[in-house]
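Encoded as structure tokens, the structure appears first; notes follow it.
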Amino acid sequence: MAKRTPLYDTHVALGGRIVDFAGYELPVQYETGIIAEHTAVRTKAGYFDCSHMGEFMLSGKEAEAALNHLLTNNFSGMLPGKVRYSLSCYENGGIVDDVLVYKFNDTKFMVVVNASNMEKDAAWFRANIKNYDVKFENISEKIALIAIQGPLSEEIVRKLTQEIPEKYYSFLENVDIDGVECLISRTGYTGEKGYEIYCPSKSATTIYGKVLEAGKEYGGIPCGLGARDTLRMEAGLPLYGHELSPEITAGETGLGFAIKMDKSDFIGKSAIQNHEAKYSRTGGLIIDRGIAREGSPIFSGSKEVGKVTSGTHSPTLEKSIIIVRILSEFLNASDLTVDVRGRKLKIELCSLPFYKSTKQ
């Protein structure tokens, strides 16, 4: 049976069309529609219920050392109040998940994981921290997460509190919003300036109501999973199960900034080091009319050279866009096509992201 976030009844009352996503009943869109929701985030603001995401707490004197062993990024010297993106890998270099790490202090960290991987990640973390003096706690059920995204997001958050994080990938804890203690981070998954509010699950309805009220004068609206996906694709952001998977080696993801090979060791380091990277992640535009979805094969002439990992119509660019995994030797090929239900459509590869905000 699908789970529900604390905001389920609110979504239904607001006209949300509910679908199953990662085992949760969540709104894919509201009556406004995906394009209106997407445009609101690009021009004003939109609100997302991300309470399905998982949150783990790691605490203890070896918390930092454990994270450096578990994850590909380096957490040594990370300042309290900062957020850092990372991958977790299997010994063979395949990807367990992509995560965000929040540092409270030298002995306390929060790791935010994808909802679809929550149980798998929790088991993987527990299995791999046995040799460290660290306590692991899955607090996902206790925490709700509301994202406020868009160029007017700061104005809306300032109506809730004057305590807001100033820098991208930073956060403030113990922020009072209407008597509720919250954590606010300057993070998001849309490519726009934005904030995410972590609050107790029991207070989610109250906080979301405050967000709706604060955003009325700025044209902010509730948004669903559909707009979240088109926004993240325009921003060139990877999604687990599409651009990232156990079958894809971390060294072929284009996420080198989050893989610190100069660290003494981490799970999967040796495999990544010894793997000859043959594929690249990049963007593409469909020149002919049509939309390609995940799994559509890419050809150079008659040779299959890659696959679409994500594809959609971009409301901002008004073009069909794709994120692809392709053999690196064909990155500059001029005869690339994508097969869409038997039709071969001409494509041109391009760098990611397709869209970049000036206000991040």
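The values are calculated or read from the model by the stated rules, or taken from the named source; none is laboratory data. Predicted, not measured: the structure shown is a model, and the values here were computed from it. When we count neighbours, we look across all protein chains shown, and the Cβ atoms used for this are built from the backbone with ideal geometry, even at glycine.
Given the conditions (1) out of contact with any Phe, Trp or Tyr (no Cβ under 9 Å at 6 or more places or on another chain); (2) over 26 Å from Gly94 (Cβ atoms), report the number of the one that Lys278 does not fulfil.
Every listed condition holds for Lys278 apart from (2).
Being in contact with an Asp or Glu (Cβ under 9 Å, 6 or more places away or on another chain), farther than 18 Å from Ala258 by Cα, of a type outside the set (Val, Ile, Thr) and surrounded by 23 or more Cβ atoms within 10 Å (Cβ to Cβ) narrows it down to one of Gly81, Gly60, Gly54, so name that one. If you could, list the steps in order and put the result at the bottom.
Values: Gly81 fails: surrounded by 23 or more Cβ atoms within 10 Å (Cβ to Cβ); Gly60 fails: surrounded by 23 or more Cβ atoms within 10 Å (Cβ to Cβ).
Step by step, each of Gly81, Gly60, Gly54 is checked, and only Gly54 is in contact with an Asp or Glu (Cβ under 9 Å, 6 or more places away or on another chain), farther than 18 Å from Ala258 by Cα, of a type outside the set (Val, Ile, Thr) and surrounded by 23 or more Cβ atoms within 10 Å (Cβ to Cβ).
For (1) outside any strand (DSSP E or B); (2) assigned by TED's automatic domain parsing to the domain that holds Ser203; (3) of a type in the set (Gly, Ala, Ser), each residue gets a yes or a no:
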residue: His11; (1), (2), (3): yes, yes, no
residue: Glu37; (1), (2), (3): yes, yes, no
residue: Arg42; (1), (2), (3): yes, yes, no
residue: Ala65; (1), (2), (3): yes, no, yes
residue: Val101; (1), (2), (3): no, no, no
residue: Phe104; (1), (2), (3): no, no, no
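Among (1) farther than 21 Å from Thr312 by Cα; (2) surrounded by 23 or more Cβ atoms within 10 Å (Cβ to Cβ); (3) among the aromatic types (Phe, Trp, Tyr), where does Phe48 come up short?
If we test Phe48 against (1) farther than 21 Å from Thr312 by Cα; (2) surrounded by 23 or more Cβ atoms within 10 Å (Cβ to Cβ); (3) among the aromatic types (Phe, Trp, Tyr), just (1) comes out false.
What is the one condition in (1) part of a strand (DSSP E or B); (2) of a type outside the set (Asp, Glu); (3) in contact with an Asp or Glu (Cβ under 6 Å, 6 or more places away or on another chain) that Val338 does not satisfy?
(3)
Based on what the data block shows, is Lys202 within 30 Å of Glu62 (Cα to Cα), surrounded by fewer than 20 Cβ atoms within 10 Å (Cβ to Cβ) and charged (D, E, K, R)? First the steps, then the outcome.
Numbers: within 30 Å of Glu62 (Cα to Cα): no; surrounded by fewer than 20 Cβ atoms within 10 Å (Cβ to Cβ): yes; charged (D, E, K, R): yes.
Spelling it out, it is not the case that Lys202 is within 30 Å of Glu62 (Cα to Cα), surrounded by fewer than 20 Cβ atoms within 10 Å (Cβ to Cβ) and charged (D, E, K, R).
For Ser76, work out the one condition from (1) under 19 Å from Cys199 (Cα atoms); (2) not assigned by TED's automatic domain parsing to the domain that holds Glu166 it doesn't fulfil.
Looking at each condition in turn, Ser76 falls short on (1).
May I ask you to list the residues in region 3-27 that are more than 18 Å from Ile143 (Cα to Cα), aliphatic (A, V, I, L, M) and buried (at least 16 other Cβ atoms within 10 Å of the Cβ)?
Residues satisfying the conditions are Leu14, Ile18.
Which condition number does Val111 fail, the rest of (1) assigned to a helix (DSSP H, G or I); (2) surrounded by 21 or more Cβ atoms within 10 Å (Cβ to Cβ) being met?
The number of the failed condition is (1).
Out of (1) loosely packed, with under 14 Cβ neighbours inside 10 Å; (2) part of a loop (DSSP other than H, G, I, E, B); (3) under 19 Å from the mean Cα position of the chain (by Cα), the odd one out for His242 is which?
Of the numbered conditions (1) loosely packed, with under 14 Cβ neighbours inside 10 Å; (2) part of a loop (DSSP other than H, G, I, E, B); (3) under 19 Å from the mean Cα position of the chain (by Cα), the odd one out for His242 is (1).
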